[in-house]
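Reading through the structure tokens given below for one structure.
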Amino acid sequence: ASWLLTAAGVAPLSKMEPLAGGWANSNYLLTLDDGSQLVLKVWNERSPDEVELVIKHTCWLADHGVPTPAPLLLGENEWMLVKDNLAWMLMPYIDGGWLPSDPSSLYELGKTQAQLHGVPIHESIPTTFAIGYVLWERLVKDAREGDSMTPFLQMLEEETHLLKQRIPMDLPCGIIHGDLYPDNVIGREGEVLALLDFEEICIESFAMDLATTYVGFGWKDGLPVPELWDALLAGYQSVRPLTDAEHAALPDLHRYAVLAVAAWRYWQFVVNVPGTEH
């Protein structure tokens, strides 16, 4: 990591320790000789070109007031450096734990998410939700071709047809996070400090993104907790009220959000890296 610290023009390394979180990258907490701390992020599953786009989008959001850490400049105009075909970058360390799932915290998270949804669209942000229908249909297609259909994939195929009929195509859209789960939000009770990892960022339904956040934060012991939804929705609507069409679509969007994360986990832990315990 010393070569990155030199490029950033900061103090030398004193201590390095791994940080939890992130399937597609490795994160390390760096403590420097002057007592300051930074995060080293090494992207294991994203190409440098993909990472460059993630960085561009993160900086766009930070410039528009979204609480997210932008990477340090490494030299004149580089946000990352490539070594061993992997993108490496340094980010500010935000001292805080993962945001807890309690009503006051979810109220604040709802407000923050609504503020994110108000950011103007950048032309380079993709218009496809990577773990939505496009992933579901690819999983089913590959399984049929490989004669490896499972009950889960059969259900996913049926749900794709059903939800495409039930969820309107013209719900209000814009920039969404797509993955606001507890390991992507730093905070403390009643306070959001930072949103992390905008790898699934795209132009999609705001209400779907809100439902996704509820799936991440609002379920306990395999069941949704209504009190947590009420808090998340109240915080969100204090900034951006939902339309009547969005309200009507919420049950189907909630179902879609549950299936999206289930499809991603199926792809990651059954297809991509089978045999892991999850």
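Since every read-out is calculated from the coordinates, none of them should be taken as a lab result. From a predicted model like this one, the values you see are computed outputs, not experimental measurements. All Cβ positions, glycine included, derive from the backbone under ideal geometry; neighbour counts span all protein chains shown.
Running a GNM on the chain with Cα contacts under 10 Å, which residue among G222, G35, G97 ends up with the highest mean-square fluctuation?
Its mean-square fluctuation being the largest, the pick is G222.
What ranking, highest mean first, results for peptides 4-16, 252-264, 230-242 when packing means the other Cβ atoms within 10 Å averaged over each residue?
Highest to lowest by the protection proxy: 252-264, 230-242, 4-16.
With axes computed from alpha carbons, what is the tilt in degrees of helix 226-237 against the longest principal axis of the chain, rounded to the nearest 10 within 0 to 90?
It is inclined by approximately 70 degrees.
Run the numbers for E17 and N272: contour at 0.36 nm per residue of separation, minus the present Cα-Cα distance, in nm.
Full extension of this stretch gives 89.1 nm more.
Taking K15 as the anchor, which lysines have their alpha carbon closer than 30 Å to its alpha carbon, excluding any fewer than eight residues away along the same chain?
Filter leaves K41, K56, K83.
Give me the extension gain from K56 to Q154: residue separation times 0.36 nm, minus the current Cα-Cα distance, reported in nm with one decimal.
My answer for the length gained is 31.5 nm.
Expressed as an acute angle from 0 to 90° and rounded to the nearest 10, what is the orientation of the C-alpha long axis of helix 206-217 relative to the principal long axis of the chain?
70 degrees
Over the Cα atoms of the chain, how large are the radius of gyration and the largest Cα-Cα distance (Dmax), in Å?
19.6, 59
Which whole-number percent gives the relative contact order of the chain, counting Cα pairs below 8 Å spaced six or more residues apart?
After rounding, I find 19 percent.
Would you mind checking the tilt of helix 244-266 against the longest principal axis of the Cα atoms of the chain, expressed as 0 to 90 degrees and rounded to 10?
The answer is roughly 60 degrees.
In Å, what Rg and Dmax follow from the Cα atoms of segment 169-278?
Values for segment 169-278 (Cα only, Rg and Dmax): 14.6, 44 Å.
Show log10 I(q)/I(0) for segment 2-93 at q = 0.13 Å⁻¹, two decimals, from a solvent-free Debye sum over equal Cα scatterers.
For segment 2-93, the Cα-only Debye profile gives -0.42.
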